[in-house]
Structures are given as structure tokens and as C-alpha cells.
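Here's the structure, in C-alpha cells; my notes come after.
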Amino acid sequence: RTENSSTAVTRAIGPSQILHIPIAHGEGNYYADSQTLAELEEGQQVLFRYCGPDGEVTDAANPNGSLGNIAGIMNRRGNVVGMMPHPERCSEPELGGTDGLYIWKSVLGGF
């Protein structure tokens, strides 16, 4: 689920829009101390969260134990993004989906 749709990486995505993007992280998950998590939330730096089909953020919808169901964040300046899902793996119908295109369209100016 998109948490912040006003960034260079999310501007072509609606607020709270659910994206279906594959994950391939092995044992990886997002972890940070409580102060860092609070700063990320306060600065609206959490871009994406794992959620259920209805958009509900729950423990059951969290595939890897990522704290706060965090799937993607950005730095304070908004010029660096890190995310566990792989939008490049769903950017063509032949790959099984096109939700990754929202991210690429955002980066390219929303075209």
C-alpha cells in the first residue's frame, strides 16, 4: 500500500493505492530502532507497506516480519529510496503484472 504519494517515486500512484509487486528477499526484512522508526513516520519517509488485498496493514499480511510492515522508505531529502519488493519484475504483462510501471512513471515525471 502506498503511504506517501507525493514523492518523485510515488507521484503517479494514488494515496493508499495497493500495488501488487513481487518480493524476492530470502530472509531480509526491514529493521530499525524505535527512534529511527518514529523519525521515518514523522518525516513521511515510509513509502510502502505490506498489506492485505483490502489494504489493511496486519501481521498476517507481512511476509517477512518487517517492522511496521515497511516495504519501502526514502531518505530525508527524498532522493534515495530502498524497497524490498521488485517493481522491475512486474513492469510488463508478459511478466505477470504491470503495477511496477507506476513507480517508473513516477520517476519519469508521471507520463
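The values are calculated or read from the model by the stated rules, or taken from the named source; none is laboratory data. Remember, it's a predicted structure, so these values are computed and weren't measured experimentally. Cβ coordinates were reconstructed from backbone atoms using ideal geometry, including for glycine residues, and neighbour counts include every protein chain displayed. Note: areas computed on protein heavy atoms with side chains; ligands, DNA, RNA excluded. Shrake-Rupley method; radii C 1.70, N 1.55, O 1.52, S 1.80 Å.
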Count of residues meeting criterion [of a type in the set (A, V, I, L, M, F, W, C) and closer than 14 Å to Q17 by Cβ] in the range 82-111: 2
Unmet criterion (only one of (1) part of a loop (DSSP other than H, G, I, E, B); (2) without any contact (Cβ under 8 Å) to a residue 40 or more places away in the chain; (3) open to solvent by 20 Å² or more (accessible area, probe 1.4 Å)) for G52: (3)
Odd one out for E94, checked against (1) at positive phi; (2) at pLDDT below 95; (3) not in a loop (DSSP other than H, G, I, E, B): (1)
Whichever residue in the range 29-49 is outside any loop (DSSP other than H, G, I, E, B) and in contact with a Ser or Thr (Cβ under 7 Å, 6 or more places away or on another chain) and, among such residues, is farthest from L95 (Cα to Cα): L47
Residues that are surrounded by 13 or more Cβ atoms within 10 Å (Cβ to Cβ) and among the small types (G, A, S), drawn from the range 1-49: S5, A8, A12, A32, G43
Residue check for G68: touching a helix residue (DSSP H, G or I) at 6+ places or on another chain (Cβ under 9 Å) and in contact (Cβ under 8 Å) with a residue 60 or more places away in the chain: no
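Matching residues to (1) under 12 Å from the mean Cα position of the chain (by Cα); (2) among the aliphatic types (A, V, I, L, M):
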| residue | (1), (2) |
| --- | --- |
| T10 | yes, no |
| I13 | yes, yes |
| A32 | no, yes |
| Y50 | yes, no |
| P63 | no, no |
| P87 | yes, no |
| C90 | no, no |
Among the candidates G14, G26, residue that is free of Cβ contacts under 8 Å to residues at least 40 places away in the same chain, small (G, A, S), within 20 Å of I103 (Cβ to Cβ) and in a loop (DSSP other than H, G, I, E, B): G14
Residue within the range 95-111 that is of a type in the set (D, E, K, R), open to solvent by 80 Å² or more (accessible area, probe 1.4 Å) and free of Cβ contacts under 8 Å to residues at least 24 places away in the same chain present: no
Residue count for the range 55-85, restricted to those that are in a helix (DSSP H, G or I) and either open to solvent by less than 30 Å² (accessible area, probe 1.4 Å) or under 24 Å from V107 (Cα atoms) (or both): 2
